[in-house]
1. If I filter the range 284-291 for residues that are surrounded by 20 or more Cβ atoms within 10 Å (Cβ to Cβ), in contact (Cβ under 8 Å) with a residue 12 or more places away in the chain and on the phi < 0 side of the Ramachandran plot, do I get at least one hit?
2. Answer with yes or no whether residue 252 is assigned by TED's automatic domain parsing to the domain that holds residue 348, under 20 Å from the mean Cα position of the chain (by Cα) and at pLDDT 90 or above.
3. Within the range 341-352, can you find the residues that are in contact (Cβ under 8 Å) with a residue 40 or more places away in the chain, touching a strand residue (DSSP E or B) at 6+ places or on another chain (Cβ under 7 Å) and either buried (at least 24 other Cβ atoms within 10 Å of the Cβ) or not in a loop (DSSP other than H, G, I, E, B) (or both)?
4. I'd like the full set of residues that are part of a helix (DSSP H, G or I) and either closer than 11 Å to residue 2 by Cα or touching a helix residue (DSSP H, G or I) at 6+ places or on another chain (Cβ under 9 Å) (or both), limited to the range 30-56.
5. Taking the condition of being buried (at least 24 other Cβ atoms within 10 Å of the Cβ) and within 22 Å of residue 356 (Cβ to Cβ), how many residues in the range 321-338 meet it?
6. Which ones in the range 374-387 are closer than 20 Å to residue 330 by Cβ and part of a helix (DSSP H, G or I)?
7. Exactly one of these conditions fails for residue 60: (1) within 22 Å of residue 27 (Cα to Cα); (2) surrounded by fewer than 17 Cβ atoms within 10 Å (Cβ to Cβ); (3) within 25 Å of the chain's Cα centre (by Cα). Give me its number.
8. Quick one: is residue 107 touching a residue at least 40 places away in the same chain (Cβ under 8 Å), over 20 Å from the mean Cα position of the chain (by Cα) and over 25 Å from residue 173 (Cβ atoms)?
């Protein structure tokens with residue numbers, strides 16, 4: 001089988017790639033033994049570095065397509081700049097289709113998979129000779145707008161194009177039942193038309209869990225994710241002063257991109273008397289992320305919505321209790337009161353309460369951490385994800401009815 005992945009996100013030495021990037025990195029490596037060849041079409045502003053490419057299996061071939069969207073300069077609110085950016089997206093979409101057709105002519109491709117982000121394969125769906133297309137749907141552009149990531153009318157067009165590509169895909173794929181029902185309602189399709197393959201993680205690959213000695217009995221509480229409304233950073237920051245009044249041995253570590261240090265500056269301004277116990281790390285590399293997971297005692301990411309929440313299973317694989325919100329895919333990832341806690345979205349009071357409970361009870365932390373690690377090993381490894389994907393690909397190539 002010659003399997004093609006089209007993605008704008010992929011981790012490298014300098015970029016984390018986010019959840020979508022880590023998914024395709026693990027899928028590429030763990031699915032490779034089941035395929036004759038995996039063709040990775042990477043669509044981004046800069047190509048992957050040689051070290052990242054070298055880390056991939058020998059039967060993975062990497063092709064690069066430049067995305068010039070970020071290089072377009074000018075007033076972002078002016079009509080000429082908006083037109084240029086929209087035309088660049090249209091041109092990129094056509095270029096992706098042409099590249100896929102070229103790769104297929106050189107050597108037949110059996111199946112193509114992509115993400116919903118940037119609707120990269122929309123033009124390809126109009127190719128009469130195209131191969132079966134799988135679209136794995138993460139948080140939609142409409143959801144990103146709903147939770148405050150973007151505030152622009154142009155998102156409406158992006159959302160329509162994204163939905164259009166998803167509907168035209170042969171296989172509609174999600175990672176959780178909660179998320180599949182939401183997008184089915186949003187796109188007016190039957191939930192039965194959306195197949196489920198949960199994410200998996202390999203972040204513990206080659207790692208060992210050694211006893212950690214916290215300096216001066218300080219407990220580290222980690223937040224990891226982009227500092228934006230949807231990720232619940234405002235909830236996390238509001239919980240810090242509440243916990244500060246109850247416990248003196250806490251250190252809060254916040255890892256993630258914070259453009260212009262917006263959240264850091266707000267927090268420092270509102271808590272000018274004592275900010276020493278809070279560290280804003282900014283965007284971190286993969287190796288730094290591994291160390292943060294290893295050295296934390298509790299992981300908390302109170303996202304208002306996650307289609308899955310790869311960060312939770314990453315932290316869980318290190319034997320850490322995790323805290324998320326009772327919304328979206330997190331409900332199926334975090335078993336409440338067994339591997340951690342699910343709180344009401346936006347409730348800093350609930351977050352501080354469950355954090356205080358875990359801080360005060362080391363035995364509970366250890367018990368939940370062990371249960372979390374076992375849950376990942378049972379349900380959410382990269383190997384399990386690859387095997388599920390291989391079964392789906394085999395069905396696609398052998399049974400036309402499977403694609404309907």
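The values are calculated or read from the model by the stated rules, or taken from the named source; none is laboratory data. Everything numeric in this text was worked out from a predicted model, so none of it was measured. No Cβ is skipped: glycine too gets one built from the backbone with ideal geometry, and neighbour counts run over all protein chains shown.
1. Step one: filter the range 284-291 for residues surrounded by 20 or more Cβ atoms within 10 Å (Cβ to Cβ), giving 289.
Checking the rest, the ones that are also in contact (Cβ under 8 Å) with a residue 12 or more places away in the chain come to 289.
Filter again for on the phi < 0 side of the Ramachandran plot, leaving 289.
Checked against the condition, which is being surrounded by 20 or more Cβ atoms within 10 Å (Cβ to Cβ), in contact (Cβ under 8 Å) with a residue 12 or more places away in the chain and on the phi < 0 side of the Ramachandran plot, the range 284-291 yields at least one hit.
2. Numbers: assigned by TED's automatic domain parsing to the domain that holds residue 348: yes; under 20 Å from the mean Cα position of the chain (by Cα): no; at pLDDT 90 or above: yes.
No: the conditions fail for residue 252.
3. 343, 351
4. Taking the range 30-56 as the starting set, the residues that turn out to be part of a helix (DSSP H, G or I) are 30-34, 50-54.
Those that are part of a helix (DSSP H, G or I) and either closer than 11 Å to residue 2 by Cα or touching a helix residue (DSSP H, G or I) at 6+ places or on another chain (Cβ under 9 Å) (or both): 30, 31, 32, 33, 34, 52.
5. Looking only at that region, the number is 7.
6. As a first pass, look at the range 374-387 and keep what is closer than 20 Å to residue 330 by Cβ: 374-382, 384-385.
Within the range 374-387, 374, 375, 376, 377, 378, 379, 382, 384, 385 qualify.
7. In the conditions (1) within 22 Å of residue 27 (Cα to Cα); (2) surrounded by fewer than 17 Cβ atoms within 10 Å (Cβ to Cβ); (3) within 25 Å of the chain's Cα centre (by Cα), residue 60 misses (2) alone.
8. Details: touching a residue at least 40 places away in the same chain (Cβ under 8 Å): yes; over 20 Å from the mean Cα position of the chain (by Cα): yes; over 25 Å from residue 173 (Cβ atoms): no.
Considered against the rule, which asks whether it is touching a residue at least 40 places away in the same chain (Cβ under 8 Å), over 20 Å from the mean Cα position of the chain (by Cα) and over 25 Å from residue 173 (Cβ atoms), residue 107 comes out as no.
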